[in-house]
């Protein structure tokens, strides 16, 4: 059972969804509509999740300036929601680009964060890292995967021309062959009813996340950290980008899901649930 409510921060109406039961609280930053579709019912019996919008997934109530969508503003939104929900201690989870938000929040507000879960993010979204991921796909993907990707990606331009306000969504759908272990999987239904505020998303993904290196940032996070990566995640791979997370990061547990792309919680739910719960128990 899930329940939607709204917290207002700086004029943005951020929706959040409560789903699951259990004492531990997990705050998943991103879209409160999209992310509940990715986790298993079993996990909702072990944790209560709070799926929280950030302002990149809600309509603006005013004309926006650049200062309206800095990363610090997003972090302030999370803190506003924490205060509204009266959370004293919680786990913060960020998937893909939202991992940058999770780590930045944990750095700025360490007193409230018990643990940090980072899923399927590269250490940075710099242009150089994007080139590395592009080369990883070209050099290691199967010919069948590349062919399927080629057939889908040529349709992206027409998708965007027809519906430019959902450019981010169309891109995510058309890049499925780089996103999923099963490269034929069509994830379009996951994005139903998801609104995207493109100026905010463009800035965060295009600029803010390119100026952060999570490996360096994690040196300032002194809480247990779980990093989950998909072996076939061609969007932010290869997993070797995280090799600098070594024994000096004693608080970090890194797990590679061998039969997953960008969404191991959806692609390998049983194994994902098992290792996440084990990590939680180990660090309790």
task: Please work out which one of (1) outside the structural domain of residue 64 (by TED's automatic domain parsing); (2) assigned to a helix (DSSP H, G or I); (3) under 30 Å from residue 271 (Cβ atoms) is the condition residue 183 fails and give its number.
output: (2)
field: The lone exception for residue 43 - which of (1) assigned to a strand (DSSP E or B); (2) closer than 22 Å to residue 226 by Cβ; (3) in contact with a helix residue (DSSP H, G or I) (Cβ under 6 Å, 6 or more places away or on another chain) it fails
entry: (1)
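One line per residue, one yes/no per condition, for (1) buried (at least 22 other Cβ atoms within 10 Å of the Cβ); (2) assigned to a helix (DSSP H, G or I):
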{"residue": "79", "(1), (2)": "no, yes"}
{"residue": "87", "(1), (2)": "no, no"}
{"residue": "99", "(1), (2)": "yes, yes"}
{"residue": "133", "(1), (2)": "no, yes"}
{"residue": "148", "(1), (2)": "no, yes"}
{"residue": "151", "(1), (2)": "no, yes"}
message: Within segment 101-114, take every residue that is in contact with a helix residue (DSSP H, G or I) (Cβ under 8 Å, 6 or more places away or on another chain) and part of a helix (DSSP H, G or I) and give me the one that is surrounded by the fewest Cβ atoms within 10 Å (Cβ to Cβ).
response: 108
message: Suppose the filter is in the same structural domain as residue 58 (by TED's automatic domain parsing), in contact with a helix residue (DSSP H, G or I) (Cβ under 8 Å, 6 or more places away or on another chain) and farther than 25 Å from residue 132 by Cβ; does residue 229 pass it?
response: no
- prompt: What do you reckon, is residue 149 closer than 30 Å to residue 66 by Cβ and modelled with pLDDT of 95 or more?
  reply: no
query: Of all residues in segment 226-262 being under 15 Å from the mean Cα position of the chain (by Cα) and in a strand (DSSP E or B), which is nearest to residue 89 (Cα to Cα)?
result: 226
task: Evaluate the following for residue 210: is it exposed (fewer than 14 other Cβ atoms within 10 Å of the Cβ), under 30 Å from residue 249 (Cβ atoms) and either within 18 Å of the chain's Cα centre (by Cα) or at pLDDT 95 or above (or both)?
output: no
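The values are calculated or read from the model by the stated rules, or taken from the named source; none is laboratory data. The structure displayed is predicted, hence computed values, not measured ones. Virtual Cβ from ideal backbone geometry, glycine too; neighbours counted across all protein chains shown.
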